[in-house]
Structures are given as structure tokens and as C-alpha cells.
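Below is one structure, written out as C-alpha cells, with a few remarks after it.
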Amino acid sequence: MWTDVNTGVLDPARWANPGRAPPQTDPCGARIAPMRIQSVTVGVPAADLRRAVEWYRTTFELDTPDLEPADGIVEFKLGPVWVQLVEATGGPHDGSTILRLGVHDASAERDRLKALGVAVGELENVDNVIEYFDFPDPDGNRLGLYAEVEP
């Protein structure tokens, strides 16, 4: 249950958008605008930036990078998400994050990547709702593709 951060009282009459959290206010009572995410960029470390660019181009069937905003940074726009390859200087990445991207047919994409020599994992099916598989990039970053299962 949402309550006003200042008073601790639930006041649905103050809600500007039913079904959303009530507006937040600063200590003086002025309304604080909610955060509105405009885009998403995922940073992916790369030990060899040139090799990583070629791998991402081939794997995701991309042309040239969309942006190269600074030395050691290359960006590709994949649907609504920006993937930012960043030249790694601090040693190996621990692989604790994963970049998952939605596709139309996970099985077909798995077959395509396997034919390219990518070390793809098994295609997993979750309750006949979603299918996914994981695979590493050349730097050991974990990636995954998923698709909704059509009824």
C-alpha cells in the first residue's frame, strides 16, 4: 500500500494517476516529478574492442556501429536498447551481469548462432510461456535471447 512519504497517510485523492504511486513531495511540499526513463544503455566490457565489434556485428547481424562517442567506446542500437561496448582496462569481467534481448523466435536464433560457432546453451522452456537460451561473448559476458511462446 502506498503512503505519502511525508505524512505516512494513504491519500488516494492526491493521486494524479490511479494505479500508480502517489506523487512524492519535497520537505517544503513541492511536488517532485517522477523519473521518466527515456532510453536504456547497457555497458559491456571488451578486452579487445575491435574483436568485440566484429563479433557483435556478426552475431546480431548489424552494420557499422551507430555511435563512437569517445575513444574506447562503441555503441550499437538493438531495438530500443543501446549496447555500449567499452574497452576494458581493469582486468577480466566477472560475468555477474547478463544482457537478455527479446526476439521473435529464440529457437531459430539459437540455430543461427550455433551455425556461426557461438557456444549456445540449451533452449529452455518455462511453463510453455517463454523460451530462452544463454551464450557468452568473446570476453565471457553473458548474453541471452528469449521469445514468448506462441499459443
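The values are calculated or read from the model by the stated rules, or taken from the named source; none is laboratory data. These numbers were taken from a predicted model, which means no experiment stands behind them. Here the Cβ is made from the backbone with ideal geometry for all residues, glycine too, and neighbour counts use every protein chain on show.
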Pick from the range 119-151, criterion assigned to a loop (DSSP other than H, G, I, E, B) and within 17 Å of the chain's Cα centre (by Cα), ranking: surrounded by the most Cβ atoms within 10 Å (Cβ to Cβ) = ASN141
Scan of the range 98-118 for residues that are touching a strand residue (DSSP E or B) at 6+ places or on another chain (Cβ under 7 Å) and outside any strand (DSSP E or B), ordered by number = VAL103, HIS104, ASP105, ALA106, SER107, GLU109, ARG110, LEU113, VAL118
What is the one condition in (1) surrounded by 11 or more Cβ atoms within 10 Å (Cβ to Cβ); (2) at pLDDT 95 or above; (3) small (Gly, Ala, Ser) that ALA47 does not satisfy?
-> (2)
GLU75 over 20 Å from VAL42 (Cβ atoms) and surrounded by 16 or more Cβ atoms within 10 Å (Cβ to Cβ) = no
